Amino acid sequence: MTARLTVENATKRFGGLVAVDGVSFEVPTTGVTAVIGPNGAGKTTLFNLISGALEPTSGRVLFEGEDVTRLAPEKRAARGLVRTFQLVKLFADLTAVENVAVGAHLKSRGGLLAALLGTPATRAMERRVDEKARALLDRVGLGAVADRRADTLSYGRRRLLEVARALAAEPRLLLLDEPAAGLDAEESARLSSLIRAVAAEGTSVLLIEHDMQLVMNTADQVVVVDFGRKIAQGTPAEVKADPAVIAAYLG
Amino acid sequence: MSGDLLMQSLVSGLAIGCVYGLIGIGFCVIYNASGIVNFAQGAFVMLGGMLTHVGLKTWHLPYWAAALFAVVAVAVLGVVLERIVVRPLWRRKAPVFVMILATLAAQIVIERLTFLLVDDQPKTLPVFTDLPPLKLGAVALSYQTLWIVAGSLAIVAGLAVFFKSTLTGKAMRACAIDREAALLQAIPVSRMLALAFALSAALGAVAGILLTPTQYTAFNVGVPFAISGFIAAIIGGFGRPFGAFLGGLMLGVVQSVAILSLGSGLKSAAALSVLLVFLFFRPAGIFGVAK
Amino acid sequence: MTNSPDTISPEAIGKAFAPVPRGLGAILGFAPWLVVVALIGTALVVGGYISTVVAFALIYALFVSGLNVFMGLTAQVSFGHNAFAAIGGYTSAVLTTAYDWSPIAAMGAGLAGALALAAVIGWPTLRLKGHYLSMGTLAIGLITYEIAVQWTSVTQGYMGISGIPSLGIGRFEAVSDRQILVVLTLTAALGAWCVARIRRSRFGRALAAIAGSEEAARALGIDVASYKLASFLISAGYASIAGSLFVHVVGYVSPEVFGLHMVILAFTMLYVGGIGTVVGPLVGALLVSMLPETFRGFRDYQDLAYGAALIAILVYAPRGLAGLAELFRKDAP
């Protein structure tokens, strides 16, 4: 089978600045892939090219063998490519469980008419969505705060909520943008085991991360970028020993 | 339509366009300093003419003193508006439309206060220079038109010097480019906001004083002026003061040609259509780079 | 466009509200509904002048409920919904007076017209954001006003159209104050009920997601443009029906009815009542309509009072009356 995601020669220029410069790599259908690099290495831009927030200047992005380079973010999500945000973007006016229910948008049905009529089928679907959302909140350890407004949760909990919301979309590839930023050691460890468990269920995971500890514990494959270019790729152990990587991080 | 008539309407279009341009600059000055679109801009224009009229007719001040009083009073009002309406919302990071709504409400409050304190009668001011119009062929050029054009150009030139050469002007430009960075450079961003309101209020007042002798002012002329000024600012690429001035000239000309060909009833509809065309097709304005 | 200031720890807010007993939240939540029922009830019993005021308020309540779908639930902005009320109102007025249509059929035609216009202008307009969206919608409302003034062969310009028949379905005709009030109460209640249903559905959650973060909504597969347009159409539909009801109840229409004044009044009602809540538009419309009536004889001060009240609410109580109650209920653990 082809890879879940293929990035081919992706390049993004902002005026004279080359933020991402001819990066290629693959995310396999199983396991966790991490992209790391020093600050300003172009990780977030790369991530935005994959999620569809930006279009590359040149190069291609393939999802399950199909070209999605110019596809809008919502269309990519419909194919199973779902992301979280580095600066959490929750729906502040909704409760935690409602936030996760929005995540299930693609996996449920019903428009205006269903809302107004409230047929038994619609009510049954609403119940299923609610149960699923609560189960996901339990899974990330937020079951107790399911009915709290999202903006009353602590920062760490908001991050976990965002992951639960993305999982509700039943992604085939989960994109996590610095999911451990701002988490304490315990929360970070719980996140790591959550990511492993999600990957074990057949969802491939691509994470961009600063926290080396998390990457080393979680990732099967690591891609290292610096100054917009890929400088290394391999298992965590291989990458750690790579002289180019050491130079980039120390220099 | 005869060529002379067209020329005549171009001249009057350019004159009113100068006024729109000044109002447009007022929008940009505040927008650049704060990211706020101030809809009470039209009230400043109305008050410029109205307070001058009060100074002249009620207090019997000399013309220049009445005008000076009006400009200063309106500038002070601008600061008051900034303090009691805009600043609390700005601090709370209220959404843009809340700001527009609040300033529009302020516009209505000022309008109604004027109605209650003065009256609802249209008022005009004497022309600055009471001489028969110059004749250029068949085109009549009134001295007030010259005053409007020359006064506006002088103000634009003065602003250019202010933004380019004075420390305060440079600081205001820095705020426009990056407010966070300006804060870090110890530029007093909040004082800049008050200054921006004073400056654009004064600009509005001057526009009102220049224009009123050729038309009239009344408590309810503010909103149309605000809209015209906003359109000027959009055409010029929002946030570019000199673009806004050229945008004002363009709007003035388009509007007078529209009046000539469609009748004066559709004057505002024509201006608003120009606005929609720009919003839909060239939101970055004529000089901006379309995204 | 919800603001959650990061400077105040949201957790602290949650804790601060935690000791509030559930009962208080529930009472505060019911209070606006009680006000609504009490005012309408009084109008029904007393009749006469107050019933005219309440009838007017209920029509506005419908208009504001629709606006609330677009602005409160979806966090967009429109300064131009008077355009759709004008289309509904003028269609009803012209078809019933000049062509002898029945009020219901004319209302349906007005609704179709308003929805068609909303679909056509919604497409380019809703791509705009911030002050561009504000001004674009404002322009649409003002252009519609200008057309109402200028298109004298149909609208009779400033003169207006009078002699519009009262509301009626088939042989039933609402003529007395009480009958009109009952019809309007049912319509406004139906309008509010629909908003409540929308709010608690998959459709409503998608709107709330757009309100919270368009970027995150898209990342979860929500077609933001379509949902915005749907929300815009719903609110335009409410506005159109409100416009039709207005001309039938008053029996007269002129451009002034649907001018900028209408927009400002509606915004004041929306903010007084509480934007984004179901009861907010109802309680806001009723209270704002009652207030100036208490100072009757001071008509000149009305707009001044609306303007000043709107500023005070925007600055000091941006969530309105219903919003206060909502805050207690949702944050209670």
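The values are calculated or read from the model by the stated rules, or taken from the named source; none is laboratory data. No experiment lies behind these values; they were computed from the predicted model shown. A quick note on method: Cβ atoms are made from the backbone with ideal geometry, for glycine too, and the neighbour counts reach across all protein chains shown.
Annotations for the structure displayed:
- Yes/no for B:Gly151 being of a type outside the set (Asp, Glu), away from chain C (no Cβ under 14 Å) and loosely packed, with under 13 Cβ neighbours inside 10 Å: no
- If the condition is being within 14 Å of chain C (Cβ to nearest Cβ) and not in a loop (DSSP other than H, G, I, E, B), then the stretch B:109-137 contributes B:Val109, B:Ile110, B:Glu111, B:Arg112, B:Leu113, B:Thr114, B:Phe115, B:Leu116, B:Leu117.
- All positions within the stretch A:206-220 that are in a loop (DSSP other than H, G, I, E, B) and more than 17 Å from A:Pro28 (Cβ to Cβ): A:Glu209, A:His210, A:Asp211
- Scope the stretch A:206-229; condition surrounded by fewer than 21 Cβ atoms within 10 Å (Cβ to Cβ) and modelled with pLDDT of 90 or more; matching residues: A:Asp220, A:Gln221
- Summed over the stretch B:95-108, residues that are farther than 16 Å from B:Pro224 by Cβ and at the interface with chain C (Cβ under 7 Å from one of its Cβ atoms) total 9.
- Residue check for B:Phe238: more than 24 Å from C:Tyr158 (Cβ to Cβ) and not in a helix (DSSP H, G or I): yes
- Residues of the stretch B:78-97 that turn out to be surrounded by fewer than 22 Cβ atoms within 10 Å (Cβ to Cβ), in a helix (DSSP H, G or I) and out of contact with any His (no Cβ under 8 Å at 6 or more places or on another chain), as a count: 9
- Scanning the stretch B:138-184 for residues that are among the small types (Gly, Ala, Ser), assigned to a loop (DSSP other than H, G, I, E, B) and more than 24 Å from B:Met250 (Cβ to Cβ) turns up just one, B:Ala138.
- Among residues of the stretch A:59-106, those that are among the aromatic types (Phe, Trp, Tyr), facing chain C (nearest Cβ under 7 Å) and closer than 19 Å to A:Thr45 by Cα, counted: 1
- Criterion violated by B:Leu272 - all others in (1) within 10 Å of chain C (Cβ to nearest Cβ); (2) closer than 26 Å to B:Arg173 by Cβ satisfied: (2)
- When the helices (runs of 4 or more DSSP H) confined to the stretch A:117-205 are screened for residues that are at negative phi, more than 14 Å from chain C (Cβ to nearest Cβ) and modelled with pLDDT of 90 or more, those reaching at least 2 such residues are found at A:120-139, A:185-200.
- A:Ala232 being in a loop (DSSP other than H, G, I, E, B), at negative phi and buried (at least 18 other Cβ atoms within 10 Å of the Cβ): no
- Checking each residue in the stretch B:172-188 for being closer than 16 Å to B:Gly239 by Cβ and aliphatic (A, V, I, L, M) picks out B:Met172, B:Ala174, B:Ala176, B:Ile177, B:Ala182.
- In the stretch A:107-116, the residues that are more than 8 Å from every other protein chain (Cβ to nearest Cβ) and loosely packed, with under 13 Cβ neighbours inside 10 Å: A:Leu113
- Residue count for the stretch A:119-153 under the criterion of being more than 20 Å from the chain's Cα centre (by Cα), more than 11 Å from A:Val100 (Cβ to Cβ) and either of a type in the set (A, V, I, L, M, F, W, C) or surrounded by 15 or more Cβ atoms within 10 Å (Cβ to Cβ) (or both): the result is 12.
- Scanning the stretch C:58-78 for residues that are of a type in the set (Phe, Trp, Tyr) and more than 11 Å from C:Leu282 (Cβ to Cβ) returns C:Phe63, C:Phe70.
- Selected residue (only one of A:Asp211, A:Asp226, A:Asp184, A:Asp220 is without any contact (Cβ under 8 Å) to a residue 60 or more places away in the chain and farther than 20 Å from A:Leu137 by Cα): A:Asp211
- Tally, over the stretch C:92-145, of residues that are of a type in the set (Phe, Trp, Tyr), more than 14 Å from every other protein chain (Cβ to nearest Cβ) and in contact with a helix residue (DSSP H, G or I) (Cβ under 7 Å, 6 or more places away or on another chain): 1
- Considering residues of the stretch A:141-159 that are of a type in the set (A, V, I, L, M) and in contact with a Lys or Arg (Cβ under 8 Å, 6 or more places away or on another chain) only, the residue farthest from A:Arg83 (Cα to Cα): A:Val145
- C:Leu24 surrounded by fewer than 14 Cβ atoms within 10 Å (Cβ to Cβ), over 30 Å from C:Gly251 (Cα atoms), more than 10 Å from chain A (Cβ to nearest Cβ) and at pLDDT 85 or above: no
- The number of residues in the stretch C:240-265 that are within 14 Å of another protein chain (Cβ to nearest Cβ) and under 21 Å from C:Ala98 (Cβ atoms) comes to 2.
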